[in-house]
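Asks: If you scroll down you'll find the structure; I have some questions about it.
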Amino acid sequence: MAQYDYDLITIGGGSGGVRASRISASYGARVALIESGDLGGTCVNVGCIPKKLFSYAAHAASDFADARGFGWSVTGAQFDWKTLLANKDREITRLNGIYAKVLQDAGVKVITGRARVVDAHTVAIGEQMLSAAHLLIATGGHAVKPDIPGAELGITSDQAFHLDALPRRVVVIGGGYIAVEFASIFNGLGVATTLLHRRTQLLRGFDEDLGKVLAEELAQHGITLALNETPAGLARDGDGLRVLLGSGRSISTDLVLFATGRLPNVAGLGLVEAGVKLAKNGAVQVDDFYCSSVPSIHAIGDVIDRVQLTPVALAEGMALARTLFKNDPAKLDYANIPTAVFSHPHIGSVGLSEAKAREKHGAVDIYRTRFRPLKTTLSGSAERVFMKLVVARDSGRVLGAHMVGAEAGEIIQGLAVALNCGATKAQFDATLGIHPTTAEEFVTLRNKD
Ligand code: NDP
């Protein structure tokens, strides 16, 4: 391999790229990582981490309200957006530094700059040329706005993390993860929030009940839902904006956030010229071992557009490192990927939706419950928890576990282990509950639909 400058050159210092580089170096590979922005990628800089910090801030409002029923009088509580931004930025800077240190300690050479693939083994960073036995494309994705007049007047989640001030009113467009999370954040922080979605059902791809229940809960929390409405354009309206809808209606607002999906970052990378096949939406096409149509060029994470989740990119990075430098070809199992949506209330989900389970397994039994958790008996909150198990009728195996409610992600993470072990409903039933918790309901669901 000494004919090349490195054994691996990674382009992109996000979750997947950093993990693949670090683990490859631990197996003895000589690795360079090229990043043009801050280390940590979308998750650390404009995704999971700052979003969850904002979500905590938004939740504090309902915590204050809930506290009253427990005897607390909370007066004079004030929210300061600038303080939240400054504290969030400080934490992100700390994490950027940790990523740099982790790479340095692993012996990975970090190069700042924008890389372009020249050929199967060569990368250019400006005038500098570097070669490697293997190239890894881990450049992530970017938020996209729909092609409608005035779209430039709206922002994406990238800008939402750096707003100078909170608006009085916001329209969030979309019905996926980012839309429901940001609608919940703005609403919790006191912004009059409208969630505009082109379907009646939120969270396409999730179990249908989750979208339905979430819509009810969001409305109950004060979010205005404009469902089954397409955005047709944006226009200035005095000091504010007007969202024009396909139905002919319009909504006036101060800020529009497009949460209408993300596309792979491949522009200017020279991939097509190097012979790398891309899908229609730009995603790098790879095989089960993350190898592109050029055998020495690999890709992982959001740029391959399989599952746009940080833990998936991390696992893909680990698998690739093992395949390339440990002589241990590793395939990732994409079944049972647990996920959480940090809307208010949270959603947690693992395994198959009811619809997918029926499609794959035929007859299924459905267990569901919706109830007021203990805390609400004193807090007075109207929030209700929803839980659902999808069970294969023939084997009794639990195929899916889904929840809307506080800390749903924390609860579903544990159930994901059970589902990965092939747990049956009988084994759920034989597990003792922890009382009094919300989670115990998952082991006491007795009534089939
Ligand atoms: P999603 O693909 O999840 O959702 C995009 C939404 O925008 C969909 O509801 C879609 O509607 C709608 N949409 C798309 N195009 C248009 C259009 N032209 N006009 C109106 N509506 C439109 O993307 P997100 O941007 O929410 O998130 C991207 C990915 O990031 C997610 O898939 C997820 O993997 C990841 N993510 C994960 C998080 C987590 O783990 N908690 C948090 C945030 C993001 P339709 O359903 O009709 O297609």
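The values are calculated or read from the model by the stated rules, or taken from the named source; none is laboratory data. Nothing here was measured: the structure is a model prediction, and the numbers come from that model. Neighbour counts run over all protein chains shown; Cβ positions are idealised from the backbone, glycine included. SASA here: full protein model, heavy atoms, side chains in, ligands and nucleic acids out. Shrake-Rupley method; radii C 1.70, N 1.55, O 1.52, S 1.80 Å.
Asks: Of Ala408, Ala183, Ala363, which is the most mobile in a GNM of the chain whose springs link Cα atoms less than 10 angstrom apart?
Replies: Ala363
Asks: Another question, if that's okay. Given only helices, namely DSSP H runs of n ≥ 4 each adding -39500 (n - 2.57), what is the per-residue ellipticity at 222 nm of the chain, to the nearest 500 deg cm²/dmol? Please report the intermediate quantities before stating the final value.
Replies: Values: 12 runs with 142 residues, N = 449.
Theoretical 222 nm ellipticity from helices: -10000 deg cm²/dmol.
Asks: Also: Taking the Cα centre of the chain as origin, sum charge times position over the Cβ atoms of Lys and Arg (+1) and Asp and Glu (-1), and report the length of that vector in debye to the nearest 20. Intermediate values should be presented prior to the final figure.
Replies: On the way: 45 positive and 45 negative charges, 94 e Å.
Computed charge dipole of the chain: roughly 460 debye.
Asks: Enumerate the amide H contacts of Glu229 below 5 Å, restricted to partners 5 or more residues apart or on another chain; note that Pro and chain-start residues carry no placed amide H.
Replies: His197, Arg198, Arg199
Asks: Given the protein chains as shown and a 1.4 Å probe, how many square angstrom of Ser15 are accessible, to the nearest 10?
Replies: About 20 Å², ignoring ligands and nucleic acids.
Asks: Right, another one. Would you mind checking the range 189-225 for residues with the amide N under 15 Å from a putative spin-label position 7 Å along Cα→C-beta of Ser247?
Replies: Under cut-off, by backbone N: 194-202, 224-225.
Asks: Take the cross-link list Lys331/Lys356; Lys375/Lys448; Lys360/Lys425; Lys425/Lys448; Lys356/Lys425 and give me the ones stretching past 20 Å between alpha-carbons.
Replies: Details: Lys331/Lys356 23 Å; Lys375/Lys448 26 Å; Lys360/Lys425 18 Å; Lys425/Lys448 11 Å; Lys356/Lys425 18 Å.
Over 20 Å Cα-Cα: Lys331/Lys356; Lys375/Lys448.
Asks: Something else about it: By a straight-distance test (C-alpha under 24 Å), which lysines pair with Lys145 as possible cross-link partners, with residues fewer than eight away in the same chain excluded?
Replies: Result set, ordered by chain and number: Lys51, Lys52, Lys280.
Asks: Apply the a/c threshold of 1.5 to the C-alpha gyration tensor of the range 339-443 and tell me whether it is rounded, prolate or oblate.
Replies: prolate
Asks: Can you sort Thr193, Thr431 by 1.4 Å-probe accessible area, starting with the largest?
Replies: My answer, sorted largest first, is Thr431, Thr193.
Asks: Shifting gears a bit: Local charge sum around Gly126 (other residues, Cβ-Cβ under 13 Å, Lys/Arg +1, Asp/Glu -1)?
Replies: +1
Asks: Next question. Distance from the Cα centre of the range 211-231 to that of the range 418-443, in angstrom?
Replies: If you average the Cα positions of each part, the centres end up 31 Å apart.
Asks: For Asp63, what accessible surface area do you get with a 1.4 Å probe? Give it in Å², rounded to 10.
Replies: 80 Å²
Asks: So, with a 1.4 angstrom probe, what is the percent of accessible area on the chain that is carbon and sulfur?
Replies: That share works out to 52 percent.
Asks: How far is helix 408-420 tilted off the main Cα axis of the chain, in degrees rounded to 10, range 0 to 90?
Replies: The angle comes out at about 60 degrees.
Asks: Let me ask something else. Percent of alpha carbon pairs in the chain separated by more than 27 Å?
Replies: Details: 59588 of 100576 pairs.
The answer is 59 percent, as a whole percent.
Asks: Count the DSSP beta bridges whose two residues both fall in the chain, then state the antiparallel fraction as a percent rounded to the nearest 5.
Replies: Here the share of antiparallel DSSP bridges comes out near 60 percent.
Asks: Between 0 and 90 degrees, rounded to the nearest ten: what's the tilt of helix 208-220 against the longest Cα principal axis of the chain?
Replies: For 208-220 against the chain, the angle is about 60 degrees.
Asks: If you don't mind, another one. So what does Cys421 come to for accessible area, using a 1.4 Å probe and Å² rounded to 10?
Replies: Accessible area, nearest 10 Å²: 110 Å².
Asks: To continue, here is another question. Once both axes come from the Cα atoms, what is the angle between helix 81-106 and the longest principal axis of the chain, in degrees from 0 to 90, rounded to 10?
Replies: 40 degrees
Asks: So how far, in whole Å, is the C-alpha centre of the range 61-90 from the one of the range 240-290?
Replies: So the two Cα centres are separated by 35 Å.
Asks: On to the next question. Rounded to whole Hz and in sequence order, give me ³J(HN,Hα) for the range 252-259 from the Karplus expression 6.51 cos²θ - 1.76 cosθ + 1.60, θ = phi - 60°, writing x for Gly and Pro.
Replies: 8, 7, 10, 8, 10, 10, 8, 10
Asks: Along the charge dipole of the chain, pointing to its positive end and built from +1/-1 on Cβ of Lys, Arg, Asp and Glu, which listed residue (Val123, Phe206, Thr10) has its Cα farthest out?
Replies: Going by the charge dipole, the pick is Phe206.
Asks: With a point put 7 Å past each Cα toward its Cβ, work out how far Lys280 is from His435 in nm, to one decimal.
Replies: 5.6 nm
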